[in-house]
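Visitor: Quick one: structure below, then a few questions.
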């Protein structure tokens, strides 16, 4: 087989491998950024032999409408949810976790700081078809109750809300040596102003420097 034919096959094989890699990467990216949709129909079955529980996890891109001037969402949020029956026909316990990263302004230098945060989920959960939304939190006597009204529910927004509520109020740069603390900058500027004023006040002829003499 000639060298040209071998080169042709090598180039063709490389193209196939590149396409396979791109397709695989695309599928993996899509699978990790899908909305947090759960099919809850198995929880509502009346079959006494059915396993009425579910566990699911994944990642989703949060709705940027939840970003604010103080908190700017960065990248996907990772989540996991498990739901178990607690005895009643439509009463369950939901546990899980949601974690991710936001950018906040350092309270000292006002530069952006990336903050990793995580929120635990623990809610009494119930099914109520009268609820006007697919899922929502209702205030209970002791704790909030998570209520769902449909068998297939997108938890993305409510997970984002829970994640945002637990974020810290302020942030500071991780390394204080690289933080340009505005308090120090203002103090240095004030010291220079005071020094300039004291220098001028110590010169009895300082007031004459701005007088223009007519020739």
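Visitor: How many residues, within the stretch 100-120, are touching a helix residue (DSSP H, G or I) at 6+ places or on another chain (Cβ under 9 Å), part of a strand (DSSP E or B) and surrounded by 18 or more Cβ atoms within 10 Å (Cβ to Cβ)?
Guide: Of the residues in that region, 3 qualify.
Visitor: Across the stretch 68-110, what is the number of residues that are within 30 Å of residue 178 (Cα to Cα) and free of Cβ contacts under 8 Å to residues at least 24 places away in the same chain?
Guide: Result for the stretch 68-110: 2.
Visitor: Which of (1) modelled with pLDDT of 55 or more; (2) assigned to a loop (DSSP other than H, G, I, E, B); (3) exposed (fewer than 11 other Cβ atoms within 10 Å of the Cβ) is the odd one out, the single condition residue 177 does not satisfy?
Guide: For residue 177, the failing item is (2).
Visitor: Criterion first (touching a residue at least 12 places away in the same chain (Cβ under 8 Å), in the same structural domain as residue 114 (by TED's automatic domain parsing), more than 11 Å from the chain's Cα centre (by Cα) and farther than 19 Å from residue 137 by Cα) does residue 52 satisfy it?
Guide: Considered against the rule, which asks whether it is touching a residue at least 12 places away in the same chain (Cβ under 8 Å), in the same structural domain as residue 114 (by TED's automatic domain parsing), more than 11 Å from the chain's Cα centre (by Cα) and farther than 19 Å from residue 137 by Cα, residue 52 comes out as yes.
Visitor: Name the single residue, out of those in the stretch 46-94 being loosely packed, with under 13 Cβ neighbours inside 10 Å and in contact with a strand residue (DSSP E or B) (Cβ under 6 Å, 6 or more places away or on another chain), that is nearest to residue 106 (Cα to Cα).
Guide: So the residue we want is 57.
Visitor: Mind checking whether some residue in the stretch 22-33 is surrounded by 13 or more Cβ atoms within 10 Å (Cβ to Cβ) and modelled with pLDDT of 90 or more?
Guide: No, the conditions are met nowhere in the stretch 22-33.
Visitor: Could you please give the count of residues in the stretch 121-167 that are surrounded by 15 or more Cβ atoms within 10 Å (Cβ to Cβ), touching a residue at least 60 places away in the same chain (Cβ under 8 Å) and assigned to a strand (DSSP E or B)?
Guide: 4
The values are calculated or read from the model by the stated rules, or taken from the named source; none is laboratory data. These numbers come from a predicted model, not from an experiment. Heads up, the Cβs are rebuilt from the backbone with ideal geometry, glycines too, and the neighbour counts pull from every protein chain shown.
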